[in-house]
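Asks: So that we are looking at the same thing, I have put the structure below in structure tokens.
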Amino acid sequence: MQTRKCFFAFGLFLLIGAHFSNQVYLANSRKVKFFATHQKPPETPLISLEKNVLLVGIKPYLGKEIMNDQNAPSLRLISNGRNLILTDALGVIRKAKEINIGWRAKELLNPTVFVRKTIGPFASFESAERLSNDLNDKGIESTIAHPFDWEVWVSGDIEIPQSIKSTYQKIKVSKTVSPYLDGNNQKIALKGPISIEAPDGLRWKKGIYFGPFSIQSDAYGSWTLVEHVPIERYLNGVVPYEIGANSPEAALAAQAVLARTWALANSHRFQVDGYNICSDTQCQVYKDPSKANQKIKKAIKKTAGRILTWNKKPINTVYHATNGGVMASVNEAWSMHQVPYLQMRLDGPKEWTRTVDLPLSNEKHLKSFLFSKSEAFGSNHPLFRWERMLDASKISKQLNQAQKVSSSFYPNKIKVQTRGSSGRVTSLKIIGKTGSAIFLKLDDIRSVLRQLPSTLFVVKEIKEGKWLFSGGGFGHGAGMSQSGAIELAKNGWTTKQILSHYYPKTKYGFLP
């Protein structure tokens, strides 16, 4: 099993390659050689001189089209001022205001064969990691990867439990994607990893990023543009986009603590590809750190270096927009073991919570909860309560796109099979006209039925082939409700009080 603990810590960064080509596994007192499951990216040097640096993938899968004999878009890098400085592993140096990198195929003299059993896809990293940890408990090494969806890879010659569905893959790689410097009517071959300095910043996606940067190969044969960014500066590009730049100071500071803690606890998320975390919704949204205002910077500075811990380790500080009045237990959102600080609890003043009939897993109680006036924290959010109408053809199309059913499957009935303690649907049964059925569970529900803001809902058939989903909340519901935190901050709650409310029993302070 790969090392699952955080390998990014204050003042120290360790990059551990995830590959098994030279490892040996002891089974039934005999040695069995591992097959390599994927290509190992070269170790990436830490090119920032500052401490506490995260490697953030801001543009993955560069050049991937080459593997399918298609043309790949070039990578265009534009300076915000002084020249960019590019240096590759062979010593090629280019200084320019604009640098263009193209991609071409390079045939291998000796093709490489990778053999693996692929489990998945999974709707989230969290669910993939749960399975990977379970395999580890059985003495089976695995790798979590994200070639398109989240997957778990196991060496092809290792037996896995029959209850775990997997696909055997034998992949012959006869060519690789190689970068080249495109300019001045010539194409200069480059060897990775490639480092890029941007003295005045890099213009990227209508923002300015300060780097430094590297362009490095991943586990799938493509490349990634990575920013090496100190964690406190990284927060400038997370906090305002996750909770809103004009939120009250205590809520902004709480978000800064959560974003910092999350980055530490999840710094192994893209370990297989040689960097820590991504910049989209598979991680925390990270974009244009140059737009952080003084209010944001003050909140980050006020909480500098502070995180939430449990048993002296950074916790997985999941958060969301609004919980609809009730916090979810973590195992209602993902296939994960329960943790003490992420349990089902009503999110509102005590006077109101006493009036709510529990458990909300009882459909009658849940309907009363959803359709009665609520005094919960953050109830002014536009998605605190919502309705969505879905028809059979749309559901069929989305199930087919997610490769859950064939194109001939046509929904006839939708039934909530199980609910968690907060009332959230943990298993949804969709029955086809022929009598066959498909089950969507946990995070798969919203991953497939993307119109649903949350899994806190009741469903009613309006007419044949059309269903009304009535629910509350936006997001998975575990951890901090951002709309709730904003209301609490406006009511005078401190940052520490907000964090203690949403993550009880955790410790607020510096990483030991």
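The values are calculated or read from the model by the stated rules, or taken from the named source; none is laboratory data. Every value quoted in this text rests on a predicted model; they were computed, and no experiment measured them. Cβ atoms come from the backbone with ideal geometry, glycine included; neighbour counts cover every protein chain shown.
Asks: May I ask you to say which residue of 285, 238, 226 is at pLDDT below 95 and either more than 19 Å from the chain's Cα centre (by Cα) or at negative phi (or both)?
Replies: None of the others qualify; the one that does is 285.
Asks: Follow-up question, since we're still on this one. Considering every residue within the stretch 438-445, establish whether at least one is surrounded by fewer than 20 Cβ atoms within 10 Å (Cβ to Cβ), among the β-branched types (Val, Ile, Thr) and closer than 23 Å to residue 477 by Cα.
Replies: No, the conditions are met nowhere in the stretch 438-445.
Asks: Does residue 430 fit the bill of being at pLDDT 95 or above, surrounded by 23 or more Cβ atoms within 10 Å (Cβ to Cβ), within 22 Å of residue 364 (Cα to Cα) and not polar (S, T, N, Q)?
Replies: So residue 430 fits the description; yes.
Asks: If you go through the stretch 463-472 one residue at a time, do you hit one that is of a type in the set (Asp, Glu), part of a loop (DSSP other than H, G, I, E, B), outside the structural domain of residue 260 (by TED's automatic domain parsing) and within 27 Å of residue 361 (Cα to Cα)?
Replies: yes
Asks: Residues to consider are 123, 105; find the one that is over 19 Å from residue 37 (Cα atoms), of a type outside the set (Val, Ile, Thr) and more than 21 Å from the chain's Cα centre (by Cα).
Replies: 105
Asks: Quick one: which of 120, 102 is modelled with pLDDT under 95 and buried (at least 17 other Cβ atoms within 10 Å of the Cβ)?
Replies: Selected residue: 120, the only one of 120, 102 that is modelled with pLDDT under 95 and buried (at least 17 other Cβ atoms within 10 Å of the Cβ).
Asks: Follow-up. Does residue 403 count as in contact with a strand residue (DSSP E or B) (Cβ under 7 Å, 6 or more places away or on another chain) and not charged (D, E, K, R)?
Replies: no
Asks: Hand me the list of helices (runs of 4 or more DSSP H) wholly inside the stretch 198-266 holding 2 or more residues that are out of contact with any helix residue (DSSP H, G or I) (no Cβ under 8 Å at 6 or more places or on another chain).
Replies: Answer list for the stretch 198-266: 249-265.
Asks: Would you check which residues across the stretch 138-147 are surrounded by 19 or more Cβ atoms within 10 Å (Cβ to Cβ) and either touching a Leu at 6+ places or on another chain (Cβ under 8 Å) or not polar (S, T, N, Q) (or both) and list them?
Replies: The answer is 140, 141, 142, 144, 145, 146, 147.
Asks: Out of the stretch 85-104, which residues are assigned to a strand (DSSP E or B) and either touching a Gly at 6+ places or on another chain (Cβ under 9 Å) or among the β-branched types (Val, Ile, Thr) (or both)?
Replies: 85, 87, 93, 94, 96, 98, 99, 100, 101, 102, 103, 104 - these are the residues of the stretch 85-104 that are assigned to a strand (DSSP E or B) and either touching a Gly at 6+ places or on another chain (Cβ under 9 Å) or among the β-branched types (Val, Ile, Thr) (or both).
Asks: Another one. Within the stretch 336-374, how many residues turn out to be among the acidic types (Asp, Glu), under 32 Å from the mean Cα position of the chain (by Cα) and assigned to a loop (DSSP other than H, G, I, E, B)?
Replies: Qualifying residue count for the region: 1.
Asks: Given (1) aliphatic (A, V, I, L, M); (2) surrounded by 18 or more Cβ atoms within 10 Å (Cβ to Cβ); (3) in contact with a helix residue (DSSP H, G or I) (Cβ under 9 Å, 6 or more places away or on another chain), where does residue 339 come up short, assuming only one miss?
Replies: Unmet for residue 339, out of (1) aliphatic (A, V, I, L, M); (2) surrounded by 18 or more Cβ atoms within 10 Å (Cβ to Cβ); (3) in contact with a helix residue (DSSP H, G or I) (Cβ under 9 Å, 6 or more places away or on another chain): (2).
Asks: Right, residue 326: buried (at least 22 other Cβ atoms within 10 Å of the Cβ) and over 21 Å from residue 242 (Cα atoms) or not?
Replies: no
Asks: Given the structure, is residue 439 among the aromatic types (Phe, Trp, Tyr), under 24 Å from the mean Cα position of the chain (by Cα) and farther than 22 Å from residue 148 by Cβ?
Replies: Yes; evaluated as a whole, the condition is true for this residue.
Asks: Out of all the residues in the stretch 144-172, which are aliphatic (A, V, I, L, M) and assigned to a loop (DSSP other than H, G, I, E, B)?
Replies: Matches in the stretch 144-172: 158, 160, 164.
Asks: Among the residues of the stretch 178-210, write down those that are touching an Asp or Glu at 6+ places or on another chain (Cβ under 9 Å) and of a type in the set (Val, Ile, Thr).
Replies: Matches in the stretch 178-210: 188, 194, 208.
Asks: Hey, does the stretch 175-187 have a residue that's surrounded by fewer than 18 Cβ atoms within 10 Å (Cβ to Cβ), among the hydrophobic types (A, V, I, L, M, F, W, C), more than 30 Å from the chain's Cα centre (by Cα) and closer than 30 Å to residue 100 by Cβ?
Replies: No, that holds for no residue.
Asks: A further question on this structure: Could you list all residues from the stretch 376-422 that are among the polar types (S, T, N, Q) and assigned to a loop (DSSP other than H, G, I, E, B)?
Replies: Matches in the stretch 376-422: 379, 380, 403, 406, 407, 408, 421, 422.
Asks: Right, another one. Determine which member of the set 405, 458 is of a type in the set (Val, Ile, Thr) and either under 16 Å from residue 324 (Cβ atoms) or modelled with pLDDT of 95 or more (or both).
Replies: Going through 405, 458 in turn, just one is of a type in the set (Val, Ile, Thr) and either under 16 Å from residue 324 (Cβ atoms) or modelled with pLDDT of 95 or more (or both): 458.
Asks: Could you tell me which of the residues 135, 62, 90 is closer than 19 Å to residue 215 by Cβ and either buried (at least 19 other Cβ atoms within 10 Å of the Cβ) or in contact with a helix residue (DSSP H, G or I) (Cβ under 7 Å, 6 or more places away or on another chain) (or both)?
Replies: Going through 135, 62, 90 in turn, just one is closer than 19 Å to residue 215 by Cβ and either buried (at least 19 other Cβ atoms within 10 Å of the Cβ) or in contact with a helix residue (DSSP H, G or I) (Cβ under 7 Å, 6 or more places away or on another chain) (or both): 62.
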